[in-house]
Amino acid sequence: MDDTGLMSTSSAGLGSSKIVALVATTNVDRARAFFRDTLGLTLVSEDPFALVFDAAGNMLRVTPVRETVKAPYTVLGWEVSDIEAKVAELAKAGVKFEHYSFLQDQDANGIWTAPGDAARVAWFKDPDENLLSLSQH
């Protein structure tokens, strides 16, 4: 740790480790179809504990649970280089993008532009109502 109490990323901590994303499902078959067929992720393995997908070199574990708890925030997101093209592609595959009345600057496709044009974001839900997003920075 340094003198501020923060762990240095040079030799310890998780700064050089890959992150594993986790999301829950109550229906493995429905989740498999959504993440593999609709979103286009590669299914790497499947066992009673998780569906494991490759998401551009990162692991996504979709874990079966008895019931999910809806989070009022985004639980998983992807950074894309062309959000308009990706929204159109996913919409064609059947993804429904969220529209929020409290957001200004959200277009007809559901793409919101952050103040100062720092980012553009579009939200959608998986079959278990987990809130997912696309963002372009």
Scan the stretch 20-39 and report the pairs whose first residue is more than 18 Å from LYS96 (Cα to Cα) and whose second residue is among the basic types (Lys, Arg) and part of a strand (DSSP E or B), with Cβ atoms within less than 7 Å and a gap of 6+ or a chain change. VAL20/ARG61; LEU22/ARG61
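Matching residues to (1) in a helix (DSSP H, G or I); (2) not hydroxyl-bearing (Ser, Thr, Tyr):
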{"site": "GLY40", "(1), (2)": "no, yes"}
{"site": "LEU43", "(1), (2)": "no, yes"}
{"site": "ARG66", "(1), (2)": "no, yes"}
{"site": "THR74", "(1), (2)": "no, no"}
{"site": "ALA85", "(1), (2)": "yes, yes"}
{"site": "LEU90", "(1), (2)": "yes, yes"}
{"site": "GLY94", "(1), (2)": "no, yes"}
{"site": "ASN109", "(1), (2)": "no, yes"}
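Specify which of the listed residues (SER16, SER101, SER81, SER45) is within 17 Å of the chain's Cα centre (by Cα) and loosely packed, with under 13 Cβ neighbours inside 10 Å. Break it down stepwise before answering.
Values: SER16 fails: within 17 Å of the chain's Cα centre (by Cα); SER101 fails: within 17 Å of the chain's Cα centre (by Cα); SER45 fails: within 17 Å of the chain's Cα centre (by Cα).
Every option except SER81 fails the conditions.
Quick one: which residue in ARG66, ARG61, ARG30 is among the basic types (Lys, Arg), surrounded by 14 or more Cβ atoms within 10 Å (Cβ to Cβ) and more than 27 Å from GLN106 (Cα to Cα)? Working first, answer last.
Details: ARG66 fails: surrounded by 14 or more Cβ atoms within 10 Å (Cβ to Cβ); ARG30 fails: surrounded by 14 or more Cβ atoms within 10 Å (Cβ to Cβ).
None of the others qualify; the one that does is ARG61.
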Scanning for something touching a helix residue (DSSP H, G or I) at 6+ places or on another chain (Cβ under 9 Å) and either of a type outside the set (A, V, I, L, M, F, W, C) or modelled with pLDDT under 95 (or both), does the stretch 49-61 turn up at least one residue? no
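Please determine whether any residue of the stretch 81-98 is more than 30 Å from ASN27 (Cβ to Cβ) and touching a strand residue (DSSP E or B) at 6+ places or on another chain (Cβ under 6 Å). Walk me through how you get there before you give the answer.
Of the stretch 81-98, the ones more than 30 Å from ASN27 (Cβ to Cβ) are 81-82, 84.
Filter once more, so that each one left must be touching a strand residue (DSSP E or B) at 6+ places or on another chain (Cβ under 6 Å): none.
No, because not a single residue in the stretch 81-98 is more than 30 Å from ASN27 (Cβ to Cβ) and touching a strand residue (DSSP E or B) at 6+ places or on another chain (Cβ under 6 Å).
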Could you say whether any residue in the stretch 27-35 is in contact with a Ser or Thr (Cβ under 8 Å, 6 or more places away or on another chain), farther than 16 Å from LYS125 by Cβ and modelled with pLDDT of 95 or more? no
Does SER101 satisfy being modelled with pLDDT under 95, small (Gly, Ala, Ser) and outside any strand (DSSP E or B)? yes
Scope the stretch 111-137; condition in a loop (DSSP other than H, G, I, E, B) and small (Gly, Ala, Ser); matching residues: ALA114, ALA118, ALA119
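The values are calculated or read from the model by the stated rules, or taken from the named source; none is laboratory data. Since the model is a prediction, treat every value here as computed from it, not as a measurement. Positions of Cβ are generated from backbone atoms using ideal geometry, with glycine treated the same way; all protein chains shown enter the neighbour counts.
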